[in-house]
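The structure under discussion appears below in the form of structure tokens.
The values are calculated or read from the model by the stated rules, or taken from the named source; none is laboratory data. Here the structure is a predicted model, which means the values were calculated and not measured. Note: ideal-geometry Cβ built from the backbone for every residue, glycine included; neighbour counts use all protein chains shown.
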Amino acid sequence: MNYKVYILIVILSISIALVGTNAALIRVAFSQTNLVTVKTDKTEYQKGNLIKISGKVETQRTNAEEPLLVQVFNPEGAAYRVDLVNVAANGSYNDKLNIGGQLGISGQYRVVVTYDKANEQSLFHFVSNIAPNGGNKTYNLNIGGKAYPLSYQITGGDNKLNSVTAEIDNTTLLLNTVAQSNGKLTIELPRNLIDSKKQGNTDEPYAVWEDGQPQAADEINTKNNSQVRTLTIDFDKGTGQIEIAGTKMVPEFGTFAIIIPAIAILGIIIAGAKYKQFSFRPRQ
């Protein structure tokens, strides 16, 4: 057999061995990511809600003397909470906390758990009554002589809600914003102003756009609220307008559209009867 053939066989054998070794390394690396898990009982919380954290550690790695490290970081990246939690014999663990104080601002929180050099993380969103730019604010939207108060919070440095207008024909609210940074808008929408319903008169999600582009919005704790629905909307730096569309909106002039013409007709009838300027009898 030619020596060149021997060389090719040797090279092929080495290549196969290397591929097998790399595959084994990949399997080991992948398995490391499943050593520990973490989750929260919900993805949205408000001030006063109890946040429950739970997960599991691979039982082969469980050491009764080694605690699990739980770290919670607020939206600005500051360490809000650090706990050492005992792991049960079956590998499960639990922790809980309430959020408040100066570090307990509105936004996305990150939970990081570490055990035996393995770590995993989970995210949740928190809405506080204390926001970085002054807390809850109210915008009074006037339609047909009636004011509809819109309670809202907006996060992010120098971000603000400038104005709100209603497009009755499109059942849409136009929110004009100044966004100097990424942020989140949380707004309460009175059902008697704008609502979104599907067949059977059950709630369906509002449609939301940011500068003309579709945007996902989360609805929080309003499933059984007959008065308002609360939306949280993430927005990017530079966003100038947020549109919220429903399926029904208060009429432009409300009941005045019916009352005013009725009063006018009644006035004509009374005046005609008093001054006898009007008659329904045919002329002789």
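Structural remarks
- Within region 160-175, the set of residues being outside any strand (DSSP E or B) and touching a residue at least 60 places away in the same chain (Cβ under 8 Å) comprises I168, N170, T171.
- Matching residues, region 74-93, being within 27 Å of the chain's Cα centre (by Cα) and buried (at least 18 other Cβ atoms within 10 Å of the Cβ): N74, P75, Y80, R81
- Residues in region 189-206 that are in a loop (DSSP other than H, G, I, E, B) and without any contact (Cβ under 8 Å) to a residue 24 or more places away in the chain: 4 in all.
- Here T155 meets the list (1) crowded, with 17+ Cβ neighbours inside 10 Å; (2) at pLDDT 90 or above; (3) closer than 19 Å to T230 by Cα almost entirely, failing just condition (2).
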